[in-house]
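The values are calculated or read from the model by the stated rules, or taken from the named source; none is laboratory data. Just so you know, these numbers come straight off a predicted model, no measurement behind them. Backbone-built Cβ (ideal geometry, glycine too); neighbour counts: all protein chains shown.
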Amino acid sequence: MYEDDPKDIPATRYSLSALLRPPSLLRLGLIGGALAAVVVCFAWAAGWLAPGRLDQARIINAFEAANRPQQPGFRRNHAKGVCLTGWFDSNGAAAGYSKAVVFQPGRVPVFGRLAMAGGMPRAPDNPKTVRSMALNFNLPNGEVWRTGMNDIPVFTVNTAQGFYDQQNANMPDPKTHKPDPLALKAFLAAHPEAVQATSIIKSHPFAADFANSTFNSLNAFRFLDTAGHVTPVRWAMVPEDQFVPEAAAPPKGANYLFDQLIARIDKGPARWHLIVTIGQPGDPTRDVTVQWRNDRKKIDAGTLTITTIASEATGNCRDINFDPLVLPAGIAPSDDPLLSLRSAAYAVSFTRRAGEPKMPSAVQLATGRAH
Amino acid sequence: MSDRFPLLSRILHWVMAVLILTMLFIGIAMVASLSDYHRLVAIHKPLGILILVLVAIRLINRLLNPPPPLPAGMPGFLRFAAHASHWLLYSLMFALPLVGWGMLSAAGYPIALVGDWHLPSILPHNVALYAFLRALHTVLAFLLFGTFIAHLGAALTHAFVFKDGVFRSMAS
């Protein structure tokens, strides 16, 4: 391309009449076309050219649509919960599989949240509602590990589309306030994995309390050791409190599960063991609806001790996104697409509620109860 | 005085051009993506900090090695547009990573980069502040993309319409 010496450029070259000459106009048009092409590429990357595509916002919009009226300030799912604090004592047993600092022998401080699935923060406790345990481990080197676990053995769907289809099948009809049975039937017909997973879930009775519930990672992850060896794993928090199945006639009270939890911690700390299941080559890591064989090796990696329960409040577990992909070096995501889905959807839920006014949570304690 | 940018300035310019354009595309794609969200975030964070480091080096370099003068015949309003858009670009190159770092801090996220390497929080944990900074990050990113488009358009106009040596001063 020919260019003149900048010192010799006459001012007339920048004049409007110079730009309006046909050769200049043609070139300006081509430049405009090039810029437009870049903008179109950007719009494509943003997904604006495929408005029907399933994206993060649609997943959270579906939660909001299913939970009217709007519940500003609360999580779009697992909206009802309490905060916990305690610690994790690692015994070093998992250190051979993962170089994560959390698995070195020693104690790390933990905070977290126990909650019930569903988008209504004042829904009455129901023994058949899925319960969750979310934890944040603050490691001594400044790293953080977060995990969100549920008290069901498998999840019902194994893809983002399956999850969205399930959301829509369970969407309450505006008139009857109940899901449309035909939509549910159509969903199950299209998702045999959900039928199978539901039967596994139904074969496991729910526990009577939070404190004797087992919480499962559901998704598979990968442990990486210092030599770079990769091990597929799943984990669970298994309670020391003896399992008692839910009563046929559960106690009265809108918050009875949380009240029982508070009373339990009033009596003394509750403990869970972090049980890591070591997967074998071929074990499905991208299908959260399928259990691994029961004979897989299990490691007791350490003990979680919960000493304090507190109401959700400014700056505590309420204001934390328990993104299951906040992982320390030594723990990595598997190829399970639901992990990225969870990370993405939690981020949208967190960002939306962060900007909303806050109301007191349903479960209120005078102060944190501790021992 | 040379009529071209010094070599270090040209290297920094083109390396950062690629990084920033990549960053803008990753950013806009990741906030919609489901299956690739985590992969994209894992690139976005360390790349943002790399850009912050590079723009700091670049600012020092610019003060030590000033750019060549614009052509003497360039009218005042074009000179103003050139200077203003460059300082806007510099401001945004600093602001976007800093707002990103700040918003992760205010959200209580660890600022994990690569392996176990992470940065400290630079703001207190405050979700209202997070919500503000998260929105600001988006606004500034669109402003940067718009400024980039204007910058690219101006560069091509210098190269193919004005043919005044301004494009050559940074090209190659």
Over the range A:139-185, the set of residues more than 21 Å from residue A:326 (Cα to Cα), within 22 Å of the chain's Cα centre (by Cα) and not polar (S, T, N, Q) is A:152, A:153, A:154, A:157, A:162, A:163, A:164, A:165, A:169, A:171
Looking at (1) within 17 Å of residue A:304 (Cα to Cα); (2) exposed (fewer than 15 other Cβ atoms within 10 Å of the Cβ), can you tell me which one residue A:245 breaks?
(1)
Please identify the pairs in which a residue from the range A:103-128 that is more than 16 Å from residue A:88 (Cβ to Cβ) and at pLDDT 95 or above has its Cβ atom under 9 Å from the Cβ atom of a residue that is assigned to a strand (DSSP E or B) and among the β-branched types (Val, Ile, Thr), counting only partners at least 6 apart or on another chain.
A:115/A:82
For the range B:99-110, which positions are touching a strand residue (DSSP E or B) at 6+ places or on another chain (Cβ under 7 Å) and either among the aromatic types (Phe, Trp, Tyr) or surrounded by fewer than 19 Cβ atoms within 10 Å (Cβ to Cβ) (or both)?
B:101
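Here are B:75, B:71: which of them is in contact with a Phe, Trp or Tyr (Cβ under 9 Å, 6 or more places away or on another chain), within 15 Å of residue B:154 (Cα to Cα) and surrounded by fewer than 17 Cβ atoms within 10 Å (Cβ to Cβ)? Steps first, answer last, please.
Working: B:71 fails: surrounded by fewer than 17 Cβ atoms within 10 Å (Cβ to Cβ).
That would be B:75, the only listed residue that is in contact with a Phe, Trp or Tyr (Cβ under 9 Å, 6 or more places away or on another chain), within 15 Å of residue B:154 (Cα to Cα) and surrounded by fewer than 17 Cβ atoms within 10 Å (Cβ to Cβ).
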Cβ-Cβ below 7 Å, separation at least six or inter-chain, first residue in the range B:71-82 and more than 7 Å from chain A (Cβ to nearest Cβ), second part of a loop (DSSP other than H, G, I, E, B): which pairs?
B:79/B:70; B:82/B:70
When restricted to A:27, A:53, the only residue assigned to a helix (DSSP H, G or I), surrounded by 12 or more Cβ atoms within 10 Å (Cβ to Cβ), out of contact with any His (no Cβ under 8 Å at 6 or more places or on another chain) and at the interface with another protein chain (Cβ under 9 Å from one of its Cβ atoms) is A:27
Condition check: within 14 Å of chain B (Cβ to nearest Cβ) and within 19 Å of residue A:308 (Cβ to Cβ). Does residue A:88 satisfy that?
no
Please give the number of the condition residue B:35 fails out of (1) under 13 Å from the mean Cα position of the chain (by Cα); (2) within 11 Å of chain A (Cβ to nearest Cβ); (3) among the hydroxyl-bearing types (Ser, Thr, Tyr).
(1)
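Residues that are among the hydroxyl-bearing types (Ser, Thr, Tyr), at least 1 per element: which strands (runs of 3 or more DSSP E) completely within the range A:258-359 meet that? Give the derivation first.
Values: elements: A:270-278, A:298-310, A:331-333.
Because the criterion is at least 1 residues that are among the hydroxyl-bearing types (Ser, Thr, Tyr), the strands (runs of 3 or more DSSP E) in the range A:258-359 that meet it are A:270-278, A:298-310.
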